[in-house]
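Only the coordinates and a few stated rules stand behind these numbers; no lab work does. On a predicted model such as this, the values are computed, not experimentally measured, just so you know. Backbone-built Cβ (ideal geometry, glycine too); neighbour counts: all protein chains shown.
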Amino acid sequence: MNSEANLVQRAAVGDADAMRDLFSQLYPDIKRLARVRLAQAGGVTGLNATALVHEGFMRMAEHEALQGETRLQFFAYVGKVLRSIVIDFVRERDAEKRGGGITLLTMSHADASPASWMEVGSLIDLDRALDELKALDLRLYQIIEMHVFSGLTCTEVGAELGVTERTVNRELMKARALLSRALGNERSEKIGA
């Protein structure tokens with residue numbers, strides 16, 4: 001059996017067999033990530049976790065190579081793909097309707113008692129706000145992607161970006177404030193750890 005690191009590196013250069021093996025090996029973790037994605041969507045998508053995971057694999061398989069060369073980068077990429085599928089599905093169903101009070105959870109809270117990271121009115125609005133954040137500050141966007149949407153801990157995000165955990169926490173607070181402003185949520189809220 002191939003080591004996970006070897007599979008990630010081979011998939012990063014376009015090895016389709018390595019991508020399949022990696023996806024198969026990490027399927028339980030990817031499915032857990034899909035469940036979180038669907039929970040964040042407030043159940044409005046009509047998708048289940050299995051369908052979301054399989055659609056994610058199909059989208060990733062369409063690309064010649066996956067983005068990222070480490071396990072952490074792989075999960076950041078998977079989280080981004082799953083989020084884009086949910087956003088696309090919501091847009092197709094009804095681009096004008098609101099999402100009904102979506103709550104963003106960090107992955108660390110997904111299996112425990114949910115402590116919200118931020119209240120979001122609509123996935124469409126969130127996607128727009130994330131695009132604005134990405135244009136304003138790419139690193140803040142990457143931190144949000146890795147921590148909130150891909151479930152990496154602050155320590156893992158810091159290691160991936162070459163910064164301290166304290167810096168990641170500070171950047172998360174800054175990103176949250178910018179996203180809140182973009183979403184029209186001026187009230188301050190505690191950060192989900």
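For this structure, a couple of remarks:
- In order along segment 124-130, phi translates into HN-Hα couplings of 5, 5, 4, 4, 4, 5, 5 Hz, rounded to whole numbers, per the Karplus curve 6.51 cos²θ - 1.76 cosθ + 1.60 with θ = phi - 60° and x for Gly and Pro.
- Fewest-first sequence of Ile143, Ile30, Ile124 by Cβ atoms within 10 Å of each Cβ: Ile124, Ile30, Ile143
- Rounded to whole Hz, the Karplus (6.51, -1.76, 1.60) HN-Hα couplings of segment 23-32, x for glycine and proline: 4, 5, 5, 9, 3, x, 5, 5, 5, 4
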